[in-house]
Amino acid sequence: MIEPCAVGSLLPAFVQERVEAFHASGIRGRWAGRHILRGRRLPGPGSTVVDSNDYLRLAGDKRIVDAVTESLDAMRGARLASAALLYEEHPQTVLERELAGYLGSQAGVFCQSGYDANVGLLQTLAGPEVPVYVDMLAHMSLWAGAKAAGAPVRPFRHNDTAHLLRRIEEHGPGVIAVDSMYSVCGSLAPLAALCAVAEQTGCVLVVDEAHSLGTHGPAGAGMVAAAGLTKRVHFRTMSLSKAFAKRAGYITCPDEEFVEYFKMTSYPAVFASTLVPSDLVQISATLDVVRHDEWRRTRLQEVAATLRQGLTSLGYDLRGSGAHIMSLPTGPDETIIQVRDIMEDHDVFGSVFCPPATPHNRTALRLSLHCDLTDQDVDRIIQASGIVRPLITSPRSLTP
């Protein structure tokens, strides 16, 4: 029997039931009438705000804004079509090659987002007979890419290359998919060991550099470049919406032949339009700033080192954080709401991470640092973290 829509709703009952379950168990249930992602107050002019991925503080940079403003006339007559239709000297393909050179790669291709980059790449690499080995904490877009490919997904324990090797021995060669820096807790991948496993087993290695592009490596070229592994990692994917402060994605590729294959077979590439001229100008202008403003990376590292030491001295388990992302493990939903409110009362605004970004009862308050933080900001974060520390009686790992 087909049930009618709920009274007052345009949605059929099977959809409305899911919506109602979310509100009943979350907002009216565990969250006591509030939304878990929304605090009681907004940051003011002097607040310490650490809830953004703009690690190098380039959003609104005058040099970049001026370049984009001057480029807006180029929108007239812009060709918005599938990337497969672009000619060799189109501004997008020219910038793709420039970015590849910056990253130490033979070739590369733009996507509409970092999510599209991962989904599109995994779809072109894997399949029903090609397993995908995904780190348990890898970004959801890598899991979605494996699903889009119809590939068997074989998770392995976080940063555990011995477990990965056993999984490959059991299921055969495939695609290894990891983050260079994990977005919830800031832990760093053992890149050299992962390269060794890929080479030993005949696997393809995909490293998502979303959170390390711009912040690590020579002129900000990322952690793979910093480790001297650009010739050993088959593909690097990245979102430009972090340190580059731009909505776009990019994939480094071993050669131009793969680029053409990708553009003709990846669904996000075939069925999405190219970037617009102002996008390309903004990325190019941002690349210039990222290359030359070394002080931004230096300051970011200083801030991260000081805060890491301060939080560790308070007894926090930072779960391997080695850079500018750190998380306070808060456990159940009720605890993170309480912790977030107290932190905000002390003028510190972080990001609530909860399911589906974390496992059930493994919430975390993420602190995303940036290069404009002052010493006073860092002191404020440490002080507020000390006040909420008694609420976090038994920190638990994010790994299920």
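Any residue in the stretch 159-172 that is crowded, with 24+ Cβ neighbours inside 10 Å, under 28 Å from Thr215 (Cα atoms), within 20 Å of the chain's Cα centre (by Cα) and not assigned by TED's automatic domain parsing to the domain that holds His324?
no
Have a look at Val134, Val184 and point out the one that is buried (at least 18 other Cβ atoms within 10 Å of the Cβ) and modelled with pLDDT under 95. First the steps, then the outcome.
Numbers: Val134 fails: modelled with pLDDT under 95.
The unique qualifying residue is Val184.
It is to be established whether one or more residues within the stretch 331-341 are assigned to a helix (DSSP H, G or I) and over 22 Å from Gln383 (Cβ atoms).
yes
Report, ordered by the first and then the second residue, all pairs with beta carbons closer than 8 Å, sequence separation of six or more or different chains, a first member in the stretch 251-274 that is buried (at least 22 other Cβ atoms within 10 Å of the Cβ), and a second member that is part of a helix (DSSP H, G or I) and of a type in the set (Phe, Trp, Tyr).
Ile251/Phe262; Cys253/Phe262; Ala269/Phe262
How many residues does the stretch 306-326 contain that are modelled with pLDDT of 95 or more and either crowded, with 22+ Cβ neighbours inside 10 Å or under 21 Å from the mean Cα position of the chain (by Cα) (or both)?
6
Of the residues Ala248, Ala285, Ala243, Ala269, only one is small (Gly, Ala, Ser) and under 16 Å from Gly186 (Cα atoms); which? Break it down into steps so the answer makes sense when it comes.
Working: Ala248 fails: under 16 Å from Gly186 (Cα atoms); Ala285 fails: under 16 Å from Gly186 (Cα atoms); Ala269 fails: under 16 Å from Gly186 (Cα atoms).
The unique qualifying residue is Ala243.
Hey, could you check the stretch 226-244 for residues that are small (Gly, Ala, Ser) and surrounded by 24 or more Cβ atoms within 10 Å (Cβ to Cβ) and say which is farthest from the chain's Cα centre (by Cα)?
Our first condition is that a residue be small (Gly, Ala, Ser); within the stretch 226-244, this holds for 226-228, 239, 241, 243.
Restricting the remaining residues to those that are surrounded by 24 or more Cβ atoms within 10 Å (Cβ to Cβ) gives 239, 243.
On the way: Ser239: 7, Ala243: 11 Å.
My answer is Ala243.
Of all residues being among the hydroxyl-bearing types (Ser, Thr, Tyr) and not assigned by TED's automatic domain parsing to the domain that holds Leu229 in the stretch 251-308, which is nearest to Ala83 (Cα to Cα)? Just the residue, please. Give the steps one after another, and end with the answer.
Narrowing the stretch 251-308 to residues among the hydroxyl-bearing types (Ser, Thr, Tyr): 252, 261, 265-267, 273-274, 278, 284, 286, 298, 306.
In the following step, the residues that additionally are not assigned by TED's automatic domain parsing to the domain that holds Leu229 were identified as 298, 306.
Working: Thr298: 37, Thr306: 44 Å.
Among those residues, the one meeting the criterion is Thr298.
Looking only at the stretch 113-134, count how many residues are without any contact (Cβ under 8 Å) to a residue 60 or more places away in the chain and either part of a strand (DSSP E or B) or closer than 23 Å to His211 by Cβ (or both).
Qualifying residue count for the region: 4.
For the stretch 250-305, which positions are polar (S, T, N, Q) and either out of contact with any Ser or Thr (no Cβ under 9 Å at 6 or more places or on another chain) or in a helix (DSSP H, G or I) (or both)? Let's see the steps before the verdict.
Residues of the stretch 250-305 that are polar (S, T, N, Q), as a first pass: 252, 265-266, 273-274, 278, 282, 284, 286, 298, 301.
Scanning the stretch 250-305 gives Thr265, Ser278, Gln282, Ser284, Thr286, Thr298, Gln301.
The values are calculated or read from the model by the stated rules, or taken from the named source; none is laboratory data. Here the structure is a predicted model, which means the values were calculated and not measured. When we count neighbours, we look across all protein chains shown, and the Cβ atoms used for this are built from the backbone with ideal geometry, even at glycine.
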